[in-house]
Amino acid sequence: MLSWLGIALILLMGLIYTKGRSWCKVKSASPLDLNRIPVNFEHLKETAGVKRRIRVMTGPWITVPVVWGIIHPILLVPKNLSSKFTKTQIRWNLLHELAHIHPLGHAGDAAPKNSAKSILLPPRGLAGERDHGPSA
């Protein structure tokens, strides 16, 4: 029993260490001027059904767009976003990340009707799904 407790503590310490390092990196990010990206961020938020305030930050260690945080989400984007991706890629990347932001500020499976998830997922039948019913 004690060995299981020891293993659980070691794993918990690893998780705390990793989350702490990530938190420090996020705190070192700097705010991004939204005029520097070639898409209308407010329009993307509206499309994704996100009404909350989202801080957009950047840093040299960020290689792809990612969302950090649940209560106060931060969208982290690469410094060279405009030169690394096309305008279409930036739009879809940011819509994808905005789809991770829950409208109520916590994890759950309720999504707004006009969610980016409905925009990003293809209609049934186009995603390679097969009908497993009896063949006609």
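The values are calculated or read from the model by the stated rules, or taken from the named source; none is laboratory data. The structure presented is a predicted model; accordingly, all values stated were derived computationally and were not measured. Neighbour counts run over all protein chains shown; Cβ positions are idealised from the backbone, glycine included.
Among the residues of the range 98-111, are any free of Cβ contacts under 8 Å to residues at least 12 places away in the same chain, surrounded by fewer than 16 Cβ atoms within 10 Å (Cβ to Cβ) and in contact with a Pro (Cβ under 9 Å, 6 or more places away or on another chain)?
Yes, there is a match, as at least one residue in the range 98-111 is free of Cβ contacts under 8 Å to residues at least 12 places away in the same chain, surrounded by fewer than 16 Cβ atoms within 10 Å (Cβ to Cβ) and in contact with a Pro (Cβ under 9 Å, 6 or more places away or on another chain).
Identify, from the list His43, His72, the residue that is modelled with pLDDT under 90 and not small (Gly, Ala, Ser).
Going through His43, His72 in turn, the sole match is His72.
List the strands (runs of 3 or more DSSP E) that sit entirely inside the range 1-102 and contain at least 3 residues that are aliphatic (A, V, I, L, M).
74-78
Please go through the range 27-61 and pick out each residue that is farther than 14 Å from Glu97 by Cα and surrounded by 15 or more Cβ atoms within 10 Å (Cβ to Cβ).
Ala29, Leu32, Ile37, Val39, Thr58, Gly59
Name every residue in the range 75-103 that is at pLDDT below 85 and within 22 Å of Trp23 (Cα to Cα), in order of residue number.
Once the filter is applied, which keeps residues that are at pLDDT below 85 and within 22 Å of Trp23 (Cα to Cα), the range 75-103 yields only His102.
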